[in-house]
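Values in this text are rule-based calculations from the coordinates and carry no lab data. The model shown is predicted, which means the values in this text are computed figures rather than measured ones. Ideal geometry is used to build each Cβ from the backbone, glycine not excepted, and the neighbour counts take in all protein chains shown.
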Amino acid sequence: SKIVIGHTVHKITQSSNSKEIMRSIQVTHMGQGFGFDDIAYNCCLDQEGECFECRPYDKVPSLLQGHNVDGCAVGLIGRFDEHEDSQIITDEMVKRFGKQLGRIAYEKLGLSSLERNKNIFGMSELSDRYPLSPGKRFMDRFDEIVKIANQEIEKRLKQ
């Protein structure tokens with residue numbers, strides 16, 4: 001199993017509501033030319049660390065052609081590239097994303113560790129078609145996030 005991470009490119013404001021954004025993603029993915037039977041991701045994470053379950057984890061995602069089988073697609077709600085609508089990845093977001101990715105890896109995928117370029121990737125690392133996803137701001141902090149995810153996995157292994 002591997003985790004592939006993208007971003008949803010939604011503009012986030014103080015009045016943004018993650019549940020409304022998730023409904024918008026569902027409408028877009030199920031219509032407007034996509035025609036999926038649900039959201040393409042297995043789950044989406046918001047900046048507060050809430051995890052929204054989308055497709056069941058045993059169902060192949062529709063995120064990145066050639067990398068969906070044996071994959072878990074995680075969407076980060078927001079935008080983390082160099083666009084003017086992008087968010088900065090705060091230290092708190094690093095912790096929240098890391099803990100959720102560790103939980104997903106352990107509970108949903110049965111993984112005992114995560115390693116960059118082995119079983120956890122940003123979309124941009126796997127495809128030239130998506131050079132901006134999940135964004136430079138996220139990728140700049142990706143090693144920290146994976147480290148926290150592994151700490152979360154280790155904690156769960158000891159329980």
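Within the stretch 7-84, list the trypsin sites (Lys or Arg not before Pro) lying in a DSSP loop whose Cβ has at most 16 other Cβ atoms in a 10 Å radius.
In loop regions of the stretch 7-84 (DSSP not H, G, I, E or B), the sparsely surrounded trypsin sites (Lys or Arg not before Pro) are Lys11, Lys59.
Where is the GNM fluctuation largest for the chain (alpha-carbon springs, 10 angstrom cutoff): Glu115, Glu20, Glu53?
Of Glu115, Glu20, Glu53, the most mobile in the Gaussian network model is Glu20.
Over the chain, what is the mean sequence separation of C-alpha contacts under 8 Å (at least six apart), divided by residue count, expressed as relative contact order in percent?
29
Treating only the Cβ of Lys, Arg, Asp and Glu as charged (+1, +1, -1, -1), what charge dipole size does the chain show about its Cα centre? Round to the nearest 20 debye.
Computed charge dipole of the chain: roughly 360 debye.
Going Cα to Cα from Lys99, which aspartates and glutamates come in below 18 Å? Please leave out same-chain ones fewer than 8 positions away.
Within reach: Asp46, Glu48, Glu50, Glu53, Asp91, Glu107, Glu115, Asp140, Asp143, Glu144, Glu152, Glu154.
Taking 23 Å as the cut-off for C-alpha to C-alpha distance, list the pairs among Lys11/Lys155; Lys2/Lys147; Lys59/Lys158; Lys95/Lys155; Lys19/Lys147 that go past it.
Lys11/Lys155; Lys59/Lys158; Lys19/Lys147
Classify the stretch 1-143 from the C-alpha gyration tensor, please: rounded if a/c falls under 1.5, else prolate or oblate depending on whether a/b exceeds b/c.
Rounded, since a/c falls under 1.5.
Using packing as a proxy for protection, rank 46-52, 135-141 so that the peptide with the highest average count of other Cβ atoms within 10 Å comes first.
135-141, 46-52
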